[in-house]
Structure formats: structure tokens, C-alpha cells
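Input: a single structure, listed below in C-alpha cells.
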Amino acid sequence: MGSFCHIINPVKVNQSVDLFIAQPITFASLIRAADFSKKTIQPELLALCYNQDKDIVPGRFNIMDLSDRSIRTILNNPQKKNLPLLSDILNTAYKATQAEYIIYTNSDIAVQPHFYQFIAEKIHEGLDGFIINRRRIPFGNYTPEDLDFLYTQKGKSHPGFDCFIFKRELIPQMELGTVCVGIPFMEATLAYNLFALSRNFKLFDKEFLTFHLGMEIFKKRDKELYWHNRHQFFRHIKPRLWHRLDVRNIPYYDSGFPVRYIKWGLNPALFTLMNLKLDIRRIRAKSGQHTR
């Protein structure tokens, strides 16, 4: 069974932000899950953050500094949020741990107590890359003391990606551009890297393993940051991954035609036209093999 390190990117926020409620619950849930499985699994908990955010991180977490670079410096705009780059987070994690597998979740994603046991089982089955979709439960003025109640809430499914598990050795091969976290296309960037680089990938979209406070699917977004991430993905990341992408590794491919296209269309992190071109490429390659 491979060792694994769970990384998050905590940030200090004021009480007007939902994350002020959600983040302490995330911390507590990760610690409880680690305690729940400690007899057989000892996951490393690692917080990667800026120096000004360190004091909110519980003592059970190892802490590593991120570089001062952020989307502010990339855009040369001090008015923007101080959002780190996905590449800086993953490259810092690569240097900070020797664990065989990395788990990356958003800092507002809490986990069930058996979360790490499930991951260990799937690693044992041979997966080298997988994604777990969250459940959405109604937002409330909760605290970590409410975890037992929150565990029982089934909520509703969410189509987006925010929990990624993959082999650490994949990080140097990833194409991440200057995509920043906390903005759309971050999840697509990491997902399509896993589709391209994993030998045995799977999406788990029906398990009750992670949850998020709030029923929203799309949050209000900064247009400039959205278009920055979008341009990074389609102009820089996609072309570099294209030759390594196989449509069979993209979730729902096995659902068959036309179901996979419906499911691709309903998922904000899966791009139907892009996947169609990959599908056509595979059909042509298969047809060419058969005519030889």
C-alpha cells in the first residue's frame, strides 16, 4: 500500500466569507479521518500557504511556505486576490514530501472518517490517478463540534472536481501554466493532466466521502481571473497535453454514445467539443488499424 500526503492551501479570511465557517471544519475532519485510520494508515497532513496564513493551521499539520508569487504578480495587479498558482502548490508539495501519492483538496472540502481507508483501498487496486466528487449540504453556522451531525447529511451531488489523488511522480510531468487556484479551470487543468498522465484513472462521483457547506454549483467569479485561467488552459495547457490524451481515460467514456456526451455536457470541468475531437481521433486511429 502506497504512502500518501494530503495537501491543502489554507487562507486566513474574515467572518463575512463562507470559508471562515468551512475551513475549521475541513481541518477537523482531516484530523479525525487520520485518527480513524491510524492503526493501518498514517497519512501526512500538509498545509501549503503564505506566511500570513500560517497561524490558522492546526498543530497536526506540517506547514510549508509558498513563494511570494501569486496571480497578483503574474498580472501585475495588486487589486486582485492573493491567489497562489497551482504549479507553485504542487511543486512545493513535490519537494516537501516523499509520499508515493498526493491528495489535493480545496480548503472548503471536508471528508468522512473512512476517507483515507477508501483511498488506500483504491491505491491497492492499482489506481494511479482518481477524482472524488463532493456532496453539497446546506450552509449553516456550524463548528467542528458539529461534525457528527454533518457526517449524516447526504446532501446532493456536485458535478465539479475538487478532490484529486495521484502519484507524486506525475507532478514534474504536469502542464499547469500560470493557472491560479480558487477560479474555474483550475479543476479542469488538474483533471486533464490526470487524464493524460495516469495509466489507470477513475472518477468516483457517487460516493459519500467528501462534503461542502453550500448548495451552489457556480460561485460568483472574477472575470479577469476566469479569462486568465481559461486562456492558460486552452492556449497553453491543452496543446501540450493533447498528444498524451486518450478519450478512453476521460470520465463517462464507457457510458457509450450518446450518454457520454450528455454527461460531458453537464460537467463544467469536461469539455464536450474537446472530447469529441479526441473521440474522432480514436475512431480514425482504430479504423486505420483495421484497414492495414
Quiz prompt | Verdict on D162 being at pLDDT 95 or above, closer than 21 Å to I56 by Cβ and not β-branched (V, I, T) | solution = no
Self-check item: The listed residue being among the charged types (D, E, K, R), assigned by TED's automatic domain parsing to the domain that holds A120 and surrounded by 15 or more Cβ atoms within 10 Å (Cβ to Cβ), out of R60, R72
Solution: R72
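If you check E207, E169, E175, which single one turns out to be over 20 Å from N267 (Cα atoms) and within 16 Å of the chain's Cα centre (by Cα)?
Answer to the selection: E175.
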Quiz item: Residues of region 82-92 being part of a helix (DSSP H, G or I) and under 14 Å from the mean Cα position of the chain (by Cα), which ones?
Solution: L86, S87, I89, L90
Exercise. Return yes or no: is G140 among the small types (G, A, S), exposed (fewer than 15 other Cβ atoms within 10 Å of the Cβ) and closer than 19 Å to A196 by Cα?
Key: no
Practice problem: Find the residue count for region 2-60, including only residues that are in a helix (DSSP H, G or I) and among the aromatic types (F, W, Y). | Solution: 3
Quiz item: So which of E175, E224, E207 ends up being acidic (D, E), in contact (Cβ under 8 Å) with a residue 60 or more places away in the chain and within 18 Å of I103 (Cβ to Cβ)?
Solution: E207
Quiz prompt | Filter result (on the phi > 0 side of the Ramachandran plot and either modelled with pLDDT of 95 or more or hydroxyl-bearing (S, T, Y) (or both)) within region 127-159 | solution = none
Quiz item: Residue check: is F195 in contact (Cβ under 8 Å) with a residue 24 or more places away in the chain and surrounded by 15 or more Cβ atoms within 10 Å (Cβ to Cβ)?
Solution: yes
Practice problem: Mind checking which helices (runs of 4 or more DSSP H) fall wholly inside region 166-257 and carry at least 3 residues that are closer than 25 Å to R135 by Cβ? | Solution: 186-197
Quiz item: Within region 211-224, is even one residue within 17 Å of the chain's Cα centre (by Cα), closer than 20 Å to L86 by Cα, surrounded by fewer than 22 Cβ atoms within 10 Å (Cβ to Cβ) and at pLDDT 95 or above?
Solution: no
Quiz item: What are the pairs, 6+ residues apart or on separate chains, where a residue within region 247-261 that is at negative phi and surrounded by 12 or more Cβ atoms within 10 Å (Cβ to Cβ) has its Cβ under 7 Å from a residue that is assigned to a loop (DSSP other than H, G, I, E, B) and not hydrophobic (A, V, I, L, M, F, W, C)?
Solution: N249/S198; R260/Y252
Exercise. Sort out which residues of region 126-151 are more than 21 Å from the chain's Cα centre (by Cα) and charged (D, E, K, R), and write them in order of number.
Key: E145, D146, D148
Quiz item: Only one of (1) within 21 Å of V13 (Cβ to Cβ); (2) surrounded by 21 or more Cβ atoms within 10 Å (Cβ to Cβ) fails for V179. Which number is that?
Solution: (1)
Exercise. Inspect region 32-47 for any residue being surrounded by fewer than 20 Cβ atoms within 10 Å (Cβ to Cβ), of a type outside the set (A, V, I, L, M) and under 25 Å from P138 (Cα atoms) and give the result as yes or no.
Key: yes
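The values are calculated or read from the model by the stated rules, or taken from the named source; none is laboratory data. Computed from a predicted structure; not experimentally measured. Quick reminder, even Gly has a Cβ in these numbers, built from the backbone with ideal geometry, and neighbours come from all protein chains shown.
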